1. Is there a residue being modelled with pLDDT under 95 and either basic (Lys, Arg) or buried (at least 19 other Cβ atoms within 10 Å of the Cβ) (or both) anywhere in the range 1-10?
2. Any residue at all in the range 13-33 that's touching a Phe, Trp or Tyr at 6+ places or on another chain (Cβ under 6 Å) and under 18 Å from residue 106 (Cα atoms)?
3. Given 117, 97, which one is at positive phi and modelled with pLDDT under 95?
4. Out of the residues in the range 139-158 that are more than 19 Å from residue 64 (Cα to Cα) and of a type in the set (Val, Ile, Thr), state the one that is surrounded by the most Cβ atoms within 10 Å (Cβ to Cβ).
5. Working only within the range 20-45, note down all residues that are part of a helix (DSSP H, G or I) and either in contact with a helix residue (DSSP H, G or I) (Cβ under 8 Å, 6 or more places away or on another chain) or of a type in the set (Val, Ile, Thr) (or both).
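The values are calculated or read from the model by the stated rules, or taken from the named source; none is laboratory data. Predicted, not measured: the structure shown is a model, and the values here were computed from it. All Cβ positions, even for glycine, are placed from backbone atoms using ideal geometry, and neighbour counts span all protein chains on display.
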Amino acid sequence: MSIDENTLAANFEKYEKLTSRISDENITCAVTELSTRLATAPHATRESQPGAWPGGLIDYSLRVTALMRNLLSAYGFDVPVESVLKVGLLHDIGKVGDLENDLFIVQDSSWHREKLGEFFKYNENASRMPHASRTLFLLQHFCIRLTHDEFVAISQAHGMSDEQRRFFGDNVPPLALVLRQARETLSRQYAV
């Protein structure tokens, strides 16, 4: 899948509009500073994964946010809309890369593209860190404040270790639960 330039621009406009609803001017500053990279960043490297195309990060983040809102409503969880928007729209912002380098670059190997469906690869020049850590690093760089539940949701977005599962038990904040469920739902839709 891919999206055309008009859809890419419309998605980014929608993303900007939604992030502007969050009462934190630092989010607007981050989105403005990262705008071109953010608007064109893929979310993943392989076609079997959601968002493996230019603009995939924004498309994926918008879909996750919409799913989160639906899941929260269906489960009857009372979570502030600002928290849903902040977590849904920003939980993977680290996939833009670090402050200077894109995380994903175009795959230059035709074998990888044709045989594995890998259209992007990791940029060797980008600083190495897990996605959740990269996201939290960028958020703190732009002085974006997170509540406890927002921090837990973002830090656990890519899954929990056995130690974390034992620690949280049944006390995982609803925001973290619906973020993971939304991500898993989208991943299943793209699985080959």
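1. Within the range 1-10, one or more residues are modelled with pLDDT under 95 and either basic (Lys, Arg) or buried (at least 19 other Cβ atoms within 10 Å of the Cβ) (or both).
2. No.
3. Values: 97 fails: modelled with pLDDT under 95.
The unique qualifying residue is 117.
4. Of everything passing the filter in the range 139-158, 144 is surrounded by the most Cβ atoms within 10 Å (Cβ to Cβ).
5. Selection gives 20, 27, 28, 30, 31, 32, 35, 36, 37, 38, 39, 40.
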